[in-house]
Amino acid sequence: MMKRKRILVTGGAGFIGSHLCERLLEEENDVVCMDNLFTGQKDNIRHLMDNPYFEFIRQDVLEDIYVECDQIYNLACPASPIHYQYDPIKTGKTSVIGALHTLGLAKRCHARILQASTSEVYGDPEVHPQPETYRGYVNPNGVRSCYDEGKRMAETFFFDYYRQHNVDIKITRIFNTYGPRMRPDDGRVVSNFIVQALHDENITIYGDGMQTRSFCYVSDLVEGMIRMMNSRDGFTGPVNLGNTEEFTMFELAELVIKLTGSKSKIVYQPLPMDDPSKRKPMIDLAKKELDWAPIVKLEDGLRKTIAYFRTA
Ligand code: NAD
Ligand code: UDP
C-alpha cells in the first residue's frame with residue numbers, strides 16, 4: 001500500500017489554501033489544515049471535513065506548532081491589500097514569525113517546506129517583465145510594506161535555515177491569482193469587479209486603469225505549487241508562478257462587463273499609495289525546472305469565477 005504523505009497547509013482555509021488541500025487529498029495525502037480563520041472560512045473546506053484524511057486545526061501561526069509531517073506549505077497570511085492593511089503589525093508578524101515557526105517545525109521533522117512568497121517582493125518594478133533575479137523596488141515604510149517586507153524577510157529566513165540548518169526549502173513567488181472561493185468582500189480587483197458587475201453597481205477603477213496585472217487561474221497555480229514542492233533536490237527557487245498574459249485594469253473591467261452582461265458603468269477612484277504600475281512574471285525558470293506553464297485563459301477562468309459568485 002502506498003504510504004500517504006502527511007502534509008501541513010498553513011492558511012489552508014483561505015482561497016488558494018482550500019484548493020491546495022483539495023488537490024492534495026485527491027492525490028491521496030494526509031492533510032492537516034491550520035488556519036486562524038482571519039480571512040479564511042470554514043465554508044471553503046466544509047466539503048473536505050468528512051474525509052478521514054483531512055484535519056482542520058484552528059490555530060494562529062504565531063503560536064508554536066506541534067504536528068508531525070513530511071511536507072509543509074506555508075500560506076498563512078492575509079493576501080488582499082484591505083485585509084493585510086487592516087492590522088499591518090499583525091501582518092508583518094504573521095509573515096515573519098509564521099515563517100520561523102514553520103521552518104522550526106520543518107527542521108525538527110526533516111520536512112520539506114514551501115513558502116508562498118509573492119510578486120510583491122518586486123515592489124513597483126522598474127524591470128518588466130520580472131525575472132527571479134530582479135531584486136525589486138520596494139518602499140520599506142509605506143502602507144504595503146507590512147506585506148512586502150514581511151514576505152521578503154520570510155524569504156531571508158528560508159534561505160538562512162537552508163544555509164545554516166540544511167532545511168529543504170522551496171520558494172514560489174505567486175503573481176495575482178483568482179478563482180472561486182475568493183471572498184466577495186476581499187477587495188481584490190477580480191472579486192470587486194465581478195461582484196459589482198453582478199449587482200449592476202459602478203465598477204471602481206483605481207487611478208486611470210492603465211496599470212497592468214497578469215492573472216493566473218487558481219488551478220494552474222496549485223499545479224505549479226505542487227510541482228515545485230516535488231521538484232528535484234537542491235532546487236530551492238525562488239521561482240515565479242503566474243500567467244504571462246498582461247491586462248490593464250480597464251481591459252479587465254470591460255471583459256467582466258461583457259462576460260456578466262452587466263449594465264454597470266466604470267467610475268474612477270484615487271489610486272492607493274504605492275500601487276504597482278505594472279506586473280508580469282517571467283516564467284522561463286518554472287518552464288525549465290517544473291515543466292509548468294498556465295493553461296487557463298483569462299476569459300475561461302473569469303467565466304468559472306463569475307459562475308461561483310452568482311451562487312456564493
Ligand atoms: P487568503 O486571505 O484567502 O488566505 C490566507 C489564509 O491564511 C486565510 O485562510 C487566513 O485565515 C489565514 N491566516 C492569516 N493569518 C493567519 C495567522 N496568523 N495564522 C493562521 N492562519 C492565518 O489569501 P490567498 O489569496 O489564498 O493567499 C494565500 C497565500 O498566497 C498568502 O500567503 C499570500 O500572501 C500568497 N499569495 C497570494 C496571491 C494571490 O494573488 N492570491 C499572490 C501572491 C501571494
Ligand atoms: N483595483 C481597482 N479597483 C478595485 C480593486 C483594485 O482598480 O476595485 C486595482 C488596484 O489599484 C491595482 C489592481 O487593481 O492596481 C490590482 O489590485 P489587487 O488589490 O487585486 O492586487 P495587487 O495590487 O496586490 O496586485
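Tally the DSSP beta bridges in the chain and give the antiparallel ones as a percent, rounded to 5. Working shown, then result.
On the way: 3 of 38 bridges.
Taking every DSSP beta bridge with both residues in the chain, the antiparallel ones total about 10 percent.
So how compact is the range 200-312: Cα radius of gyration and Dmax in angstrom?
Spelled out, the Cα radius of gyration and Dmax of the range 200-312 are 16.6, 53 Å.
With a point put 7 Å past each Cα toward its Cβ, work out how far T311 is from D185 in nm, to one decimal.
2.4
Per residue of the range 292-300, in order, report the coupling 6.51 cos²θ - 1.76 cosθ + 1.60 (Karplus, θ = phi - 60°) as ³J(HN,Hα) in whole Hz, putting x for Gly and Pro.
Each residue's phi maps through the Karplus curve to give 10, 7, x, 10, 8, 6, 3, 4, 5 Hz.
Which value at 222 nm does the chain reach when only helices count, each DSSP H run of 4 or more adding -39,500 (n - 2.57), with the total divided by all residues and rounded to the nearest 500 deg cm²/dmol? Walk me through the intermediate numbers first.
Numbers: 9 runs with 114 residues, N = 312.
For the chain, the value works out to -11500 deg cm²/dmol.
Give the lysines whose C-alpha is closer than 30 Å to that of K278, dropping any in the same chain fewer than 8 places away, or say none.
K90, K93, K151, K170, K258, K263, K265, K287, K288, K297, K304
In whole angstrom, note down how far apart the Cα centers of the range 243-312 and the range 112-185 are.
One Cα centre to the other: 20 Å.
Counting other Cβ atoms within 10 Å of each Cβ, which GluC sites (Glu not before Pro) in the range 105-211 have at most 15 and sit in a DSSP loop?
Working: sites: E120, E126, E132, E149, E155, E201; in loops: E126, E132, E201.
Here the sparse-neighbourhood loop sites are E126, E201.
Would you mind checking the range 152-167 for residues with the amide N under 18 Å from a putative spin-label position 7 Å along Cα→C-beta of K107?
In the range 152-167, the label zone of K107 (backbone N under 18 Å from the point 7 Å along Cα→Cβ) covers 153-167.
If R0 is 22 Å, what FRET efficiency do you get for D284 and M210 from their C-beta distance, rounded to 0.05? Please report the intermediate quantities before stating the final value.
On the way: r = 27 Å, r/R0 = 1.21.
For R0 = 22 Å, the calculated efficiency reads 0.25.
In degrees from 0 to 90, rounded to the nearest 10, what is the angle of the helix 88-109 Cα long axis to the longest principal axis of the chain?
30
What Kirkwood radius, in Å to one decimal, follows from the Cα pairs of the range 8-100? Let's see the in-between values first.
Details: mean 1/r = 0.0753 Å⁻¹.
One over the average 1/r among Cα pairs gives 13.3 Å for the range 8-100.
Report the full-extension gain for the segment D64 to K265: residue separation times 0.36 nm, less the Cα-Cα distance, to one decimal in nm.
Numbers: separation 201, 0.36 × 201 = 72.36 nm, distance 4.88 nm.
My answer for the length gained is 67.5 nm.
Where Rh denotes the Kirkwood radius from the mean inverse Cα pair distance, what is Rg over Rh for the range 84-176? Walk me through the numbers on the way to the answer.
Details: Rg = 13.5 Å, Rh = 13.7 Å.
Here the Rg-to-Rh quotient is 0.99.
Please work out whether the range 255-306 counts as rounded, prolate or oblate from its C-alpha gyration tensor, where a ≥ b ≥ c are the square roots of the eigenvalues and a/c under 1.5 means rounded, while otherwise a/b larger than b/c means prolate and anything else oblate? Intermediate results must be reported in sequence, preceding the final value.
On the way: a/c = 4.72, a/b = 1.43, b/c = 3.30.
Oblate.
When a footprinting reagent is the concern and you count Cβ atoms within 10 Å, what order do L75, L103, L298, L271 take, fewest first? Walk me through the numbers before you get to the answer.
Numbers: L75 30, L103 24, L298 21, L271 14.
Ordered from fewest to most neighbouring Cβ atoms within 10 Å, L75, L103, L298, L271 come out as L271, L298, L103, L75.
With axes computed from alpha carbons, what is the tilt in degrees of helix 145-165 against the longest principal axis of the chain, rounded to the nearest 10 within 0 to 90?
Tilt of helix 145-165: around 20 degrees.
On a 0 to 90° scale, report how tilted helix 189-198 is relative to the longest principal axis of the chain, with both axes built from alpha carbons and the result rounded to the nearest 10.
Helix 189-198 sits roughly 50 degrees off the main axis of the chain.
Neighbour counts of other C-beta atoms within 10 Å: give me V195, V61, V9 arranged from fewest to most.
Going from least to most buried by this count: V195, V61, V9.
Counting other beta carbons within 10 Å of each Cβ, put S117, S95, S214 in order, fewest first. List each step's numbers first, then the result.
Working: S117 25, S95 30, S214 22.
Ordered by Cβ neighbours within 10 Å, fewest first: S214, S117, S95.
I'd like the Kirkwood hydrodynamic radius of the chain, using the inverse of the mean 1/r over distinct C-alpha pairs, in Å.
Values: mean 1/r = 0.0509 Å⁻¹.
Computed over Cα pairs of the chain, the Kirkwood hydrodynamic radius comes out at 19.7 Å.
Throughout, read-outs are computed from the coordinates displayed, never taken from laboratory work. These figures come from a predicted structure and were not determined experimentally. Reconstructed Cβ throughout: ideal geometry from the backbone, glycine too, with neighbour counts over all protein chains shown.
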